[in-house]
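The values are calculated or read from the model by the stated rules, or taken from the named source; none is laboratory data. Just so it is clear, the structure is predicted and the values come from calculations on it, not from any experiment. Counting neighbours? That spans all protein chains shown, and the Cβs are built from the backbone with ideal geometry, glycine included. Note: areas computed on protein heavy atoms with side chains; ligands, DNA, RNA excluded. Shrake-Rupley method; radii C 1.70, N 1.55, O 1.52, S 1.80 Å.
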Amino acid sequence: MAVDSEAPNGPISHTALAAAISDGGYPTAVSDPESGSLASKRRVKGPTDGEKAKISEDNADSVLNVSIQEGTDHTHRRLKPRHIQLIGIGGTIGMAEMVTYLPISSPFIRFAGRYVDEAFGVAAGYNFFIFEAALVPFEVTACNLIINYWSDAVPVGGIIAIVLVLYALLNLFAVKWYGESEFWLAIGKVLLSVGLIVYTFITMVGGNPLGDRFGFRYWNNPGSFAEYYKEGHLGKWLGFLQCLIMASFTIAGPDYVSMAAGEAENPRKVMPKAFNAVFYRLTAFFVLGVLCVGILVPYNDPTMKAAFDQGLPGAAASPYVVSMDRLHIPILPHIVNAMILTACFSAGNSYVYCASRSLYGLALEGKAPRVLAKCTGNGVPIYCVAIVLAIALLSFLQVSNSASVVLDWLVNLVTASQLINYAVISFTFIRFKKAVDKQGISRDSLPYRGRFQPFLAWYALVGTFTMAFVGGYTVFLPGNWDIPTFFFSYTMIGVFPILFIGWKLIKRTEFKKPEDVDLRTGVADIDEYTRNYVPTPPRNAFVKVLNILLG
């Protein structure tokens, strides 16, 4: 119940950012156009007049720089609409309105500091870093669980060590092939999701070796709602709540879509399309994916229960592979499991990248130790990568615990952190709208205007804030107290306010009044870029077709 493979689009939603990395690959250290020195060596002070989107490709080889500097943004706008659309298979709130108005790198983190309070932005930045970093050991653990489908002969510690060494090598040396490979891997994940949906329809109507037209049989026996902890209606409600908590982990999107804003070509045209498409594509993949799972396998299947509850080797906890084994389908289970394994490995590599660049951005701002801004000759923030890989050592918890238990712990940590991200986005938008109204800027003049605002933003804020506390509720049920579960479920809920209050007291930051919020810096550059934008023709016919399909 805790593996990405249970919802085939899970890896896409969490790692879609990686799919959008431009053709050039990894970022390199960014040089300062004025001094020629590396930006990572410059002392970054507060906001200047130049919070530029740096529309022109003038001074760097970087493709993605997750720096959240208030003063500079030296990223390049090389991400095509097809890249952004793949990122868009993720989610949405009111973020689109802010991002299309001022499309900059790492916007939801920077906007939190710019529209609310600098301390709020710092807390949001560290929360996002921990969120990304915690997903690395999650994917490593998932890889081990999936490999167990074939054999458990290789020691758990050996598999973990191999995966972590590969991540280190890929992130330190084989960086130039990263971007485009991740794009094609993302396409593979989409095709896998579509293929599994088609597989479900064919098998449920009798297209299987057993000739069994099982249809919606499992909705009646054992039933569509599983009881959890209690019996009767209360048990079914608790089962539904547990599914809702898991959905909070699986779904992601506005943060990832927005992270590409600083690199998107013609962002004021591309980003609104991506945000609009997100809802429909997300609904299709997630709703159909969940529907397929409920059709294919009963919730009390012994093989799947053993994989989830006891961490036993078998079907790698994938309901699709479980169903293929139940229907005696040869070969296909191995192919699907191999594709899921590739997706999980790719996802973990993407998180090493995203987390290290988030920490690197904090270091550039002076909000993390300056030594973390040191890069190798090819622009890799080596100490940031090392810290992320050190956090990934949490995956060695599998050595003394089952993989399913460790997955549950990491799911709890990531879910709480992600819900805090959404709460930050929602509250930041509420403050943004107040500032827009106070300063007399008509929302009709914005490139994108969300409906039913700020009511939906308040709904999202209350919902995500509440779910962050509900996520670990089971630990308080009689007989369920478990210190590691409590720790992983509620650590970030405690860390976020500590970071916010601590930074606020040390730096004496001020909560920004609507009339004092800076809504102008950088906007003129985006306006000029939009007026002068000339589309880049596709390299070949195949890319042209991709642009039509995904643009």
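Brief remarks follow.
- Separation in nanometres of the label points that stand 7 Å from Cα toward Cβ, at PHE240 and ILE506: 4.6
- Efficiency of FRET between VAL523 and PHE173 - r from beta-carbon atoms, R0 45 angstrom, step 0.05: 0.65
- Using a simple spin-label model with pseudo-atoms 7 Å out from Cα toward Cβ, THR530 and ASN480 lie 4.8 nm apart.
- Tail weight of P(r) past 31 Å, computed on alpha-carbon pairs of the stretch 89-513, percent: 43
- Each residue of the stretch 195-212 is assigned a 3J(HN,Hα), and the resulting list reads x, 5, 5, 5, 4, 4, 5, 5, 6, 5, 9, x, x, 8, x, 8, x, 8 Hz, derived from the Karplus form 6.51 cos²θ - 1.76 cosθ + 1.60 (θ = phi - 60°), x at Gly and Pro.
- Checked against a 20 Å cut-off, the cross-linked pairs LYS367/LYS507; LYS367/LYS438; LYS438/LYS513; LYS438/LYS512 give Cα-Cα distances beyond that limit for LYS367/LYS438.
- Between VAL399 and ASN540, full extension at 0.36 nm per residue minus the direct alpha carbon distance yields a gain of 45.8 nm.
- The stretch 89-513 - charge dipole about Cα centre, Lys and Arg +1 at Cβ, Asp and Glu -1, debye rounded to 20: 1500
- Cα lying deepest toward the dipole's positive end in the stretch 89-513, options ILE420, ILE441, PHE469, charges on Cβ: ILE441
- If you sort THR200, THR303, THR376 by accessible surface, 1.4 Å probe, largest first, the order is THR303, THR376, THR200.
- With the whole protein complex present, MET304 retains an accessible surface near 20 Å², based on a 1.4 Å probe.
- Efficiency of FRET from Cβ geometry, LEU456 and LEU291, R₀ 25 Å, rounded to 0.05: 0.45
- Residues of the stretch 319-372: accessible area per residue with a 1.4 Å probe, Å²: 28
- Figure note: HIS233, HIS334 ranked by solvent-accessible area, largest first, 1.4 Å probe, ligands and nucleic acids not counted: HIS233, HIS334.
- Counting only protein heavy atoms and a probe of 1.4 Å, the accessible surface of the stretch 89-513 is 69% carbon and sulfur.
- The accessible area of LEU413, taken with all protein chains in place and a 1.4 Å probe, comes to roughly 20 Å².
- Computing FRET efficiency as 1/(1 + (r/R0)^6) for HIS328 and ALA306, where r is the C-beta to C-beta distance and R0 is 25 Å, gives about 0.85.
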